[in-house]
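Peer 1: Mind looking over this structure? Questions follow.
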Amino acid sequence: MTALNSVKESGAPDVLVVGAGPTGLALALDLTRRGVRALVLERADALFPGSRGKGVQPRTLEVLDDFGVVDAVLADSGNAPMGRIWQGGNPVGEHDMLGDGDIDGPTDAEPHRRARLIPQWRTQEILFARLTEIGGRVAFGVELIGLDQDADGVDAHLADGATLRAAYLVAADGGRSTVRKALGIAMTGQGGASVAPDPMVVADVRLRPGALDRDHWHVFPGADGAFAAICPLPGTDDYQLVARTDDLDVPAVVAALTHLSARDVTEVRWASDFRPRAAMADRFRTGRVLLAGDAAHVHSPAGGQGLNTSVQDAYNLGWKLGQVLRHGADPALVDTYEQERQPVAAQMLGLSTRIHRGEEERGEAGRQLGLGYRGGPLSEGSAGALEAGDRAPDGPLPDGSRLFDLFRGPHFTLLAVGTDAELPAVDAEFVLTRRIDAYEPYGKGIFLVRPDGYVGWAGEEPTGLARYLARFGGAAPRA
């Protein structure tokens, strides 16, 4: 029985997610673990087969930790190799491609400090496996062609003539989003234009053994802006080719832009052409329909931010929909998704564009550990070393576990750090409470950590905390 037929027999989903890319799979996974009935609709018959978004930043690794899949990602990924620059068939220099080669190992507060390379298709396989393991559903070969909505829900019209209804619909269907176009939302933010006029090709290839080593990210600058880069993809026998060209004859491109011959390309496993763009949707929500990932913002791949910003969209939206649909929170909570994520998307779009144009090197900003929601609609107070909206640091606990172990799951976490202040009574199914000794990354104070790992409320005394928590509903799930 297909996922779609199963839905028709078992009842309508709470949330329809359009698109089974990293954004849609991450959102469905987050919703499913919260007890929200989510269904992913994917027009293709299978998951995306290419490597396009191959860099997973440290903050995204923390998200994947919460989802229970970081070990699988780490096992099939690797640190970025040093770039080797070629001219005339000879290596002439090296370059730190991601600007993180001199970063030391993990710290107590930051367990992941370097980006990892893993082909996008493998990231999606891992997310899909986890989603189905916990009962999530993806309907492949199902195309959405239109939608209608009212005050109570959304009707999704499918190519086969069927209609599905859900409380919310989330567009995770990419930069050419059918849903966004149906809503009439323009992509004018950040200029809505090409980052550079030249077309690009990205492809997954296999090379003759010995043609290029797998210990370097090979870069081939040429005359008049010609460019190619060939990067080994960890966990596979493949390389990713990125070239400034509009020619999809990949062996010919390799022969033209590198010292290799066309015969050195033994297989082209996937290829696509594109023009680097920076664009952002004018709004991320219309009624009960929301945009996430590339449907909301399109990045140049140069900064390694597209997939990462997209997965974190899903992470921000998932818990909010969960609180509304399962715990009775005011639906206005969903408004904070755009309020929090649109400024972050704009910041990352700007970074990607500057990197693409050579105006800024990759570095700390791209790792996304410093991003947060200070001054946002769900951020109240400060204490010790942190302000509401900051990422909640990891750290060791006396029993040998870690703060991230404590945070993992769909709940809020109330931390009393280095203080004996009396805490308000909370439902243990809704808020997990823990007292710990003073810890420098936090300082002294009371910190309420949101389900997405950011400090929502902070203070030296709990005054106002109960009122803040009331915004998110109660613990008992709705039927």
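The values are calculated or read from the model by the stated rules, or taken from the named source; none is laboratory data. Keep in mind that what you see is a predicted model, and the values were worked out from it rather than measured. For neighbour counting, all protein chains shown are included, and Cβ atoms are generated from backbone atoms with ideal geometry for every residue, glycine included. Heavy atoms of the whole protein, side chains included, go into the accessibility calculation; ligands, DNA and RNA do not. Shrake-Rupley method; radii C 1.70, N 1.55, O 1.52, S 1.80 Å.
Peer 1: Can you give the alpha-carbon Rg of the chain over 2.2 N^0.38 Å, where N counts its residues? Mind showing how you got there, number by number?
Peer 2: Numbers: Rg = 22.9 Å, N = 479, 2.2 N^0.38 = 23.0 Å.
So the Cα radius of gyration is 1.00 times the expected 2.2 N^0.38 Å.
Peer 1: If you don't mind, there's one more thing I want to ask. So if I take the centroid of the Cα atoms in region 65-99 and the same for region 396-446, what is the distance between those two points in Å?
Peer 2: If you average the Cα positions of each part, the centres end up 36 Å apart.
Peer 1: What spacing in nm lies between the two simple spin-label points modelled at residue 223 and residue 256, each 7 Å away from Cα in the Cβ direction?
Peer 2: Placing both labels 7 Å beyond Cα along the Cβ direction yields 1.5 nm.
Peer 1: Using the beta-carbon distance between residue 206 and residue 421 and R0 = 45 Å, what value does 1/(1 + (r/R0)^6) give for FRET efficiency, to the nearest 0.05? Each step should come with its number before you reach the end.
Peer 2: Numbers: r = 61 Å, r/R0 = 1.35.
Plugging the Cβ-Cβ distance into 1/(1 + (r/R0)^6) gives 0.15.
Peer 1: So what's the back-of-envelope 222 nm ellipticity for the chain, counting only DSSP H runs of four-plus at -39500 (n - 2.57) apiece and dividing by all residues, rounded to 500?
Peer 2: Numbers: 11 runs with 117 residues, N = 479.
After summing the helix terms and dividing by residue count, I get -7500 deg cm²/dmol.
Peer 1: Right, next: Using a 1.4 angstrom probe on heavy atoms only, work out the carbon and sulfur share of the accessible area of region 21-140 in %. Write out the running numbers ahead of the final one.
Peer 2: Details: 2110 of 4570 Å².
Carbon and sulfur: 46 percent of the exposed surface of region 21-140.
Peer 1: Using R₀ = 45 Å, calculate the FRET efficiency as 1/(1 + (r/R₀)^6) where r is the Cβ-Cβ separation of residue 151 and residue 74; round to 0.05.
Peer 2: Working: r = 45 Å, r/R0 = 1.00.
Rounded to the nearest 0.05, the efficiency is 0.50.
Peer 1: To the nearest 10 square angstrom, how much accessible area does residue 379 have with a 1.4 angstrom probe?
Peer 2: Residue 379 exposes around 20 Å² with every protein chain in place.
Peer 1: Leaving ligands, DNA and RNA out of it, rank 43, 467 by accessible area with a 1.4 Å probe, largest first. Provide the component values of the computation, followed by the final result.
Peer 2: Details: 43 160, 467 135 Å².
From most accessible down to least: 43, 467.
Peer 1: When only alpha-carbon atoms are used, what values of Rg and Dmax, in angstrom, describe region 53-183?
Peer 2: For region 53-183, the Cα-based Rg and Dmax read 20.8, 65 Å.
Peer 1: At 1.4 Å probe size, with every protein chain present, just tell me what the per residue accessible area of the chain comes to in Å².
Peer 2: Details: 19010 Å² over 479 residues.
Ligands and nucleic acids excluded, the figure is 40 Å² per residue.
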